[in-house]
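Asks: This structure is in structure tokens; I'll ask about it shortly.
The values are calculated or read from the model by the stated rules, or taken from the named source; none is laboratory data. Please read these numbers as outputs of a predicted model, since none were measured by experiment. Note: ideal-geometry Cβ built from the backbone for every residue, glycine included; neighbour counts use all protein chains shown.
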Amino acid sequence: MFEKIFTFNPEIQSTNILRPRKGVIIGLGQVGLACAYSLLIQNCFDELILQDLDLAKVEGEVMDLVHGMSLIPPTHLVAGTVADAGKDAELVIITAGAAQKPGETRLDLLERNVTIYQHILADVVKYCPNAILLIVTNPVDIMTYVALKISGFPSSRVIGSGTVLDTSRFRSLLANKLNIDPRSVHAYIIGEHGDSEVPVWSTANVAGQKLLTQDWADLTPGDRQELTAIFDHVKNAAYEVIQRKGHTAYAIGLVVTDIVKAILRSQERVLTVSGLVDGLYDINDVCLGLPRVVSDQGILKTVNLDLSPREEQQLRHSVQVLQEVCHQLSF
């Protein structure tokens, strides 16, 4: 009976083969460095290669990180490229792309980043054909779709960071209201990692106790206003951080580490990563964030959330926003 909870990825076949803990980060801007630091101190890889166009910078960053290696579990850290990683690379993490400017939406970044990905993925496909791709570059859902189409990799092995960060922000704000640990709040943000993302209020719960016992339409205006304010804070959080410090980095670095651990340690964690949707909710040919089981083979299966009619309508709007852009692309 429990099989109905999931939609299984037909590309996945069971295997017990151990994979080497070797990874590559492409792009050493603020986000790439935050990812590298978080991955190192949490002992995720045996070997980690950092790649960036600015070779002097990446060499300096490697030197700086290596100087502290005696204080953490050791990782063989080097400046290099995907060509150095070879076919046994487990993960290629791509953070490279044009920087988001204050006031600029994630979708505005698209055209600049597609060209960058065309160059990057040609080498990834050549040198790391068995790796899982973890896409972090914004707009992440569209870039995940771009990476999927350019690489030709199975959809299970092309994963975007999706709405994992948004979900973390959502849970943290709700936990603050409830005065409990955020890890005890079970609530999701799904859809686009951006302005059309969707809060799933209907399934949000603490220890199985739903936060909302009424449909959205039955809530008082005051309750709806309070919940909307929480969601607006989640949706606009990146813009607020960028306005103050110019970029976001630390939280997404922790998000990437959480996803990497789920993959390398075959944890079968449920995370709202971005991936291809093909039939669920009658949605096709788009990448967006949904709660998915992440393991050493990538996206193993997708949780079939029982969305309210309002939430399903919002999700379809998010799909429309993404597809309108994707359909204009030529790559």
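Asks: Could you say whether any residue in the range 66-75 is within 20 Å of D46 (Cα to Cα) and surrounded by 18 or more Cβ atoms within 10 Å (Cβ to Cβ)?
Replies: yes
Asks: While we're looking at this one, here's another question. Tell me, which helices (runs of 4 or more DSSP H) wholly within the range 178-272 include 3 or more residues that are out of contact with any strand residue (DSSP E or B) (no Cβ under 7 Å at 6 or more places or on another chain) and over 28 Å from I142 (Cα atoms)?
Replies: Those helices (runs of 4 or more DSSP H) span 221-235.
Asks: So which residues in the range 118-134 are assigned to a strand (DSSP E or B) and not β-branched (V, I, T)?
Replies: L133, L134
Asks: Any idea how many residues of the range 117-126 are surrounded by fewer than 19 Cβ atoms within 10 Å (Cβ to Cβ) and over 15 Å from A85 (Cα atoms)?
Replies: The number of residues fulfilling the criteria is 2.
Asks: Can you name the condition, by its number, that S196 falls short on among (1) among the hydroxyl-bearing types (S, T, Y); (2) closer than 20 Å to L307 by Cα; (3) over 17 Å from the mean Cα position of the chain (by Cα)?
Replies: (3)
Asks: Quick check on my filter: what residues within the range 237-257 are crowded, with 18+ Cβ neighbours inside 10 Å, at pLDDT 95 or above and either touching a Lys or Arg at 6+ places or on another chain (Cβ under 7 Å) or not aliphatic (A, V, I, L, M) (or both)?
Replies: G253, T257
Asks: If we keep just the residues of the range 149-198 that are under 26 Å from G103 (Cα atoms) and without any contact (Cβ under 8 Å) to a residue 24 or more places away in the chain, which is surrounded by the most Cβ atoms within 10 Å (Cβ to Cβ)?
Replies: The extreme case among them is R171.
Asks: Can you report the number of residues in the range 121-148 which are charged (D, E, K, R) and either without any contact (Cβ under 8 Å) to a residue 60 or more places away in the chain or over 21 Å from K301 (Cβ atoms) (or both)?
Replies: Of the residues in that region, 2 qualify.
Asks: With the requirement that a residue be among the small types (G, A, S), in contact (Cβ under 8 Å) with a residue 12 or more places away in the chain and in a helix (DSSP H, G or I), what does the range 53-85 give you?
Replies: Listed by number, the residues that qualify are A83, A85.
Asks: From the list A34, A96, which residue is within 17 Å of the chain's Cα centre (by Cα), among the hydrophobic types (A, V, I, L, M, F, W, C), closer than 30 Å to V277 by Cβ and in a loop (DSSP other than H, G, I, E, B)?
Replies: After ruling out the rest, the residue left standing is A96.
Asks: Does Q51 meet the test of being polar (S, T, N, Q) and surrounded by 19 or more Cβ atoms within 10 Å (Cβ to Cβ)?
Replies: Considered against the rule, which asks whether it is polar (S, T, N, Q) and surrounded by 19 or more Cβ atoms within 10 Å (Cβ to Cβ), Q51 comes out as yes.
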